[in-house]
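Working notes, structure below.
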Amino acid sequence: MDIEQIRSLTPLEPLPSRVYFVCKALGRWADVLRGDDQTPVALDAEPDRVVTHEDMTILQTYVNLKRAGLAVRLVEQPKVDAFNVVSSLDLQISHHTSQSFIVAFRGDWARPELADLTLTMNGTVATRRTEFPMPHWLQTGLLPRDPARGDRLERLVFKGDMVNLDPRFATDRFRDDLAALGVEFLTQPYVHETKSSGWHDYTDVDAVLAIRAIHPTELSTKPASKLINAWAAGVPAILGNEPAFRELRRDPLDYVEIATPDEAIAAVLRLKEHPAEYRAMVDHGTLRAADYTNQRVAERWHAFLSGPAETAYRSWLTTTPARREAEFVVRVVRQKISLFTFKRQQSTR
């Protein structure tokens with residue numbers, strides 16, 4: 001897919017209400033914001049800076065919606081009597097947001113009961129009428145695979161934190177079995193010392209592997225970003241069984257699902273021996289990626305903010321401060337139960 005097609009944004013219709021994006025780490029981004037109107041610069045030049053859930057769901061969304069001409073604002077704390085969007089990982093009981101309308105973008109953690117509405121990273125956990133799925137933006141600064149590599153499959157890459165990689169795929173045996181096929185297996189974790197990862201760079205990647213050993217409770221909240229990024233980058237994906245991946249699956253060409261190292265080896269061998277199938281997966285991925293360009297994700301945000309979120313916000317404005325306080329007390333109890341339940345589920349196998 002052409003890189004300009006991935007990143008370009010055209011103006012959107014104005015939103016009916018001012019929306020404040022709450023960025024607790026605002027100081028980290030002072031160089032990205034210019035002037036009193038907080039006009040942002042594109043983040044693609046420094047892809048390794050977009051790392052945390054807040055970076056991806058709050059800062060990156062603000063930047064792209066602002067670039068699309070929307071009158072959104074970036075603040076460090078939720079505004080009272082206003083429409084706020086915040087990462088659920090930053091939303092704490094102690095912030096006492098009873099007098100603020102809150103849309104929380106849920107991370108891979110407990111359900112944010114404190115919020116008025118919730119955005120989720122995949123649709124399988126959006127099970128309430130107040131919950132709405134919203135895909136991540138494509139990897140910041142994404143560089144697609146070099147077309148000159150043709151149909152070769154010589155480099156299989158895992159892009160992610162090593163703590164999440166299924167340990168069966170981190171063995172010398174797995175690497176050696178791939179090497180016997182003429183395939184190098186590389187891992188690209190985020191390196192905190194150098195603050196770099198290379199997650200955006202697919203220029204010399206021939207296929208991606210993503211199979212994580214994470215508790216099902218947490219796995220259910222994960223996004224399908226690894227799959228969507230692979231589509232946009234022009235590389236086949238070999239993936240584990242995750243709800244977010246399966247939710248998007250429409251065709252066998254979307255990705256290859258595997259559960260064991262032997263199945264991964266078999267998938268790699270098949271793609272090496274059948275270059276027409278390799279090409280078909282790449283071409284199919286390009287078609288699927290067209291629904292996740294910056295423009296398409298910005299349009300999803302606009303539809304949500306001006307549609308169901310605006311309706312809920314207008315209804316919230318009619319409630320009295322006393323009623324909001326009473327509802328907040330109930331939400332505090334639910335939030336504590338949500339946290340307790342999520343942690344208990346994670347501790348069991």
Once phi is turned into θ = phi - 60°, what whole-Hz ³J(HN,Hα) does the Karplus curve with 6.51, -1.76 and 1.60 give for every residue of segment 151-159, x standing for Gly and Pro? 9, 5, 10, 10, 9, 9, 10, 9, 10
Portion, in percent, of the accessible area of the chain that falls on carbon or sulfur, probe 1.4 Å: 53
A chain fully extended from A280 to H192 at 0.36 nm per residue, minus the present Cα-Cα distance, gains in nm 28.0 nm
Relative contact order, percent, of the chain when contacts are C-alpha pairs under 8 Å separated by at least 6 residues? 20
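From the helices alone, meaning DSSP H stretches of at least four residues, give me the mean residue ellipticity at 222 nm for the chain, per-run term -39500 (n - 2.57), in deg cm²/dmol to the nearest 500. If you can, show how the numbers build up before the last one.
On the way: 11 runs with 117 residues, N = 349.
Calculated at 222 nm, the ellipticity per residue is -10000 deg cm²/dmol.
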What's the longest uninterrupted piece of the chain once you rule out the GluC sites (Glu not before Pro) that are loop residues per DSSP with at most 16 other Cβ within 10 Å? 194-349
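Suppose a student asked you for the relative contact order of segment 172-249, using Cα pairs under 8 Å spaced at least 6 residues apart; what percent would you report? Don't skip to the end; give the middle numbers.
Details: 55 pairs, mean separation 20.5, N = 78.
With pairs under 8 Å counted, the relative contact order is 26 percent.
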Cα-based Rg then Dmax for the chain, in Å, read 21.1, 69
So with the 1.4 Å probe, I'd like the accessible area per residue for segment 1-142, rounded to whole Å². 40
Segment 194-329 pair-distance distribution - Cα-Cα, 5 Å bins, rounded %: 2, 8, 14, 16, 16, 12, 9, 7, 6, 5, 3, 2, 1, 0
Using Cα positions and a limit of under 30 Å, work out the lysines in reach of K226, with same-chain residues fewer than 8 apart set aside. K24, K66, K159, K195, K272, K343
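Accessible area per residue of segment 256-349 at 1.4 Å probe, in Å²? All intermediate terms of the calculation are to be shown ahead of the outcome.
Details: 5120 Å² over 94 residues.
Here the per-residue accessible area is 54 Å².
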Going by amide H atoms built from the backbone, whose H comes under 5 Å of the H on F101, apart from near neighbours? D81, A82, N84
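The values are calculated or read from the model by the stated rules, or taken from the named source; none is laboratory data. All values reported here derive from a predicted model rather than from experimental measurement. With ideal geometry, Cβ positions are generated from the backbone for all residues, glycine too; neighbour counts draw on all protein chains shown. The area values use the complete protein model at the heavy-atom level, side chains included, leaving out ligands, DNA and RNA. Shrake-Rupley method; radii C 1.70, N 1.55, O 1.52, S 1.80 Å.
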